[in-house]
1. For the range 635-656, how many residues meet the condition of being farther than 12 Å from ILE705 by Cα and open to solvent by less than 50 Å² (accessible area, probe 1.4 Å)?
2. Confirm whether LYS356 is modelled with pLDDT under 95, buried (at least 20 other Cβ atoms within 10 Å of the Cβ) and over 30 Å from GLN96 (Cα atoms).
3. Take the residues in the range 817-845 that are at pLDDT 95 or above and among the acidic types (Asp, Glu); name whichever of them is least open to solvent (accessible area, probe 1.4 Å).
4. Given the residues GLY153, GLY142, which is the only one that is open to solvent by less than 20 Å² (accessible area, probe 1.4 Å) and on the phi > 0 side of the Ramachandran plot?
5. In the range 399-445, which helices (runs of 4 or more DSSP H) lie fully inside it and hold 3 or more residues that are open to solvent by 10 Å² or more (accessible area, probe 1.4 Å) and out of contact with any helix residue (DSSP H, G or I) (no Cβ under 8 Å at 6 or more places or on another chain)?
6. Hey, among the residues in the range 727-766 that are among the hydrophobic types (A, V, I, L, M, F, W, C) and open to solvent by 40 Å² or more (accessible area, probe 1.4 Å), which one's nearest to SER56 (Cα to Cα)?
7. Return yes or no: is ALA659 free of Cβ contacts under 8 Å to residues at least 24 places away in the same chain, of a type in the set (Gly, Ala, Ser) and surrounded by fewer than 17 Cβ atoms within 10 Å (Cβ to Cβ)?
8. Here is a check on your reading of the model: is ARG793 over 21 Å from the mean Cα position of the chain (by Cα), open to solvent by 10 Å² or more (accessible area, probe 1.4 Å) and either touching a residue at least 40 places away in the same chain (Cβ under 8 Å) or under 30 Å from VAL650 (Cα atoms) (or both)?
Amino acid sequence: MKGFKKKSLALLCAVIMSVVGLGGLVGCGSDPISNESTRLVLSTLELDGVFNPFYSSSAPDSNMVAMTQLGMVSTDKLGDIVYGEDEACLVLDMEQTVAPDNSSTTYKFVLKNDVKFSNGSPVTMKDVFFNLYEYLDPMYYGAATLYSTDIKGLKSYRTQQPSDEGGQSFEETYLGLGLDRFNRLYDTVEEILDEAKNANEILTDDDMKQRLQARADIYGDSEDNLYATLVSDYEQAKLRLKEAMEQTWTYSVGTAQDIKYKDSNGKDVHLNTDAEAFLFNWGEPFIYWDTKKKEFEYSLGKEAGSWSKEKLFDVLTANYVPSEMTTALSIIYENLVSDFTAYEKEKYFAGLDPAKKITHIEGIKFINRKSSVTVNNNEYGVPTYNADGSVASGNEVLQIEINDVDPKAIYNFSFSVAPMYYYSNDAQIKAFDFETNHFGVEYGSRTFQDKVIKDPEKIGVPVGAGPYKATTSTGNSNNVTSSTFKSHNVVYFERNDNFMFPAKIKYVNYQVVSTQQMLTSLFAGDIHYVEPGAKPEYIEQVNKKEGFSSTNVMSNGYGYIGINASKVPNVSVRRAIMHAINTQMMVDYYKEPFASVITRPMTRASWAYPKDADNAAAKRDPIVYNGETVKDNGQRYQYDPSGKTSLDLVKAAGYTPGAKTNSEGVNILQKTVQGKTEELKFTFTIAGEDSDHPAFNALFNAAQILNKIGFDVEVKNDINALKKLNNGDLAVWAAAWSSTIDPDMYQVYHKDSTAGAVKNWGYNYILDRNKRNTYAYEYERVMELSKLIDAGRKTLEREGADGRKAIYAEALDIVMDLAVELPGYQRSDLFAYNSNIIDESTLTPEKELTPYNSPLAKIWLVSLKETK
């Protein structure tokens, strides 16, 4: 963890006792261990601070959110859906009915009564509808993909077109309009700058706006003045530029000394200030490492390293606005296209005749609101209500009808139910009527998403009906803010006494700590429970320590190397990189049997993993290098340490040696593409501060191989790699997936997914019609892949030639063909804990542990080992 300093336990206790005043950590003097006063301290990896059930995306952030939320249904140790009185979920009973001809599937959910949010208000059908309509709103752009479920009438609702078939054409149309709007702004700005340059004029920001407005005025009399938004779009671009600076600043603070290289004498040279880290992370030309001189270059002068944040932003803004605005537009291209696409949709929705609007989703109904219904042969009458909105008698019953069949649908319907009172606003709540208004959500409004759902405090403080609620370091859950909920890399929770099964432990902290420091922190008593990865040496360390225990289970996820097609456009180059990566080195980091090679991008924990793919090596001729047969682990891209396979691929793709040389003195391979020189110069990014990473050796070794044949590859540690990854900013990186229970591939690989994952692969470029010539092959394969994913969602059958296993095996082959993801390893998860503090008998029994059932799966049952 960045900036982690090991404190003596005595000092740490003194600090926490003086600040927290709630018993703090265990072991401080003779304080007794008590569920009511001692804080259970759990570890977490670095947090982005997006603690919003609708918009959290990273696994660590989502884990924090999960502490406060309650889902519609839950899952058992095998990952199968469960519900009922004894389960921690909202659904009491459920019925699933498939039409005889498989044309539709109907789900009925009976809601429990007396379920409450942490503030004591009731969880009702209104909250369920609010969550459904938020996830299904056409302006929702979070990671959840409930909208991918073919709910009856959903496409019509999201497009406001009567036909239920126009969803994709609608999305393509408005993406096209968004792209047109971006290109219109870019071209006009470029034209104005060229005119000024030719006239030897120096433009101000006001000059640029006036000239943009003049262009808009020229077309002002036209029926549809497409240039009318030029000035507002220009202002939005400046706002996005500022946001990009803010984001870069956020992940740069405190990381300067982590940005280090070896000088010509082999000595570590690092940056020193936040300002320097910011300028380095922003990219050339402000601060960069000169690989030939082996020193940092400062284009703004070294004094820039002492500038304040405000001055840095002012200088960068002045650099781009307006004289280099086309460069700025290129930097924020993706966000602006997303904005402009949303604005075009919003304009369309706002211009519809209110009398013709589709106001609700046909397949979602509160079916016993006016008359009784039957679910599993039990009759449920019309519910009655108390003054506070809670159900006085009866049960509310939700019905969702989908077209065809969809094995993933039930998992999509397991969404957590967040409170409408907190995440919506007064205007929408008052308009709620279950029929014609928008169910707590302002329909088709990007402003509502950004200003209401994503209000900064709602982003920073989660609220729900789960086992815990957000609190502060002093245990104040009534006035908690984003800065007091997560403070100094600690996140604070307090028991939710309104949860259906009140937790035994009152206070729980999550402490941010790097994987490398987890066991050190555990043994020092700073943390009570960690998940450091199942390395044999870690297990041995725990087993040798009296009072500490561990257990491990196969992880529901896997490690991989990613390559972004937007940064590495040529598929042959991506394949060349993959042939240089020895994934066995990643396995060796954990060592067998705690890790193993996988040959397709899917966890072995899934029933759909195509195990026959692992035997594919037997069908190929082995690679021989220096007279020895190279170990073939079944990868599609077999490791070739000679670099010959990689060199042959890039030469065949037209790359030839240029004048520049790399650190090995080898001429860098290059190619002229659309008039621009494209060099094989890339950064391989390792998340974290040092080389203790499962992929470091594999990527470092690959860089050496590639540099000897004419690539210019730098392997770089980056503590903010995961944050950059969320924005699609990395070219080649190592990461790991946490997989869903169902093997559905929609969110990560489908062309229509709006999740951040597809940006990592470069889908935004692959699907961009303006770049179709560059990505013709990738476009075709993504279309084929998406069809297979759709097919896998339309059958409940797993086996057979047309079953889901066969479909996903073919789909995974296409992912491999695209060469955007190289599967690396399947590992196990290690859970280590202080058995003097945690009562082991209250953790999930070892025989019940699975990838879907961790020791803390039912955290409300976990108890400390109390002392007197």
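The values are calculated or read from the model by the stated rules, or taken from the named source; none is laboratory data. Everything numeric here is computed off the predicted structure, so don't read it as measured data. Please note: Cβ atoms are built from the backbone with ideal geometry, for glycine as well, and neighbour counts cover all protein chains shown. When the accessible area is computed, the model is the full protein with side chains, heavy atoms only, and any ligands, DNA or RNA have been set aside. Shrake-Rupley method; radii C 1.70, N 1.55, O 1.52, S 1.80 Å.
1. To start, the set of residues in the range 635-656 that are farther than 12 Å from ILE705 by Cα comprises 635-638, 648-656.
With open to solvent by less than 50 Å² (accessible area, probe 1.4 Å) added as a condition, the list becomes 635, 637-638, 649-650, 653-655.
So the count comes out to 8.
2. Details: modelled with pLDDT under 95: yes; buried (at least 20 other Cβ atoms within 10 Å of the Cβ): no; over 30 Å from GLN96 (Cα atoms): yes.
In short, no.
3. By that ranking, first place goes to GLU821.
4. Working: GLY142 fails: on the phi > 0 side of the Ramachandran plot.
Going through GLY153, GLY142 in turn, just one is open to solvent by less than 20 Å² (accessible area, probe 1.4 Å) and on the phi > 0 side of the Ramachandran plot: GLY153.
5. Values: elements: 409-412, 420-423, 426-431.
Here the list reads 426-431.
6. Among them, the one singled out is TRP737.
7. Numbers: free of Cβ contacts under 8 Å to residues at least 24 places away in the same chain: yes; of a type in the set (Gly, Ala, Ser): yes; surrounded by fewer than 17 Cβ atoms within 10 Å (Cβ to Cβ): yes.
Against the criterion (free of Cβ contacts under 8 Å to residues at least 24 places away in the same chain, of a type in the set (Gly, Ala, Ser) and surrounded by fewer than 17 Cβ atoms within 10 Å (Cβ to Cβ)), ALA659 qualifies.
8. Details: over 21 Å from the mean Cα position of the chain (by Cα): yes; open to solvent by 10 Å² or more (accessible area, probe 1.4 Å): yes; either touching a residue at least 40 places away in the same chain (Cβ under 8 Å) or under 30 Å from VAL650 (Cα atoms) (or both): yes.
Taking the combined requirement at face value, the residue satisfies it.
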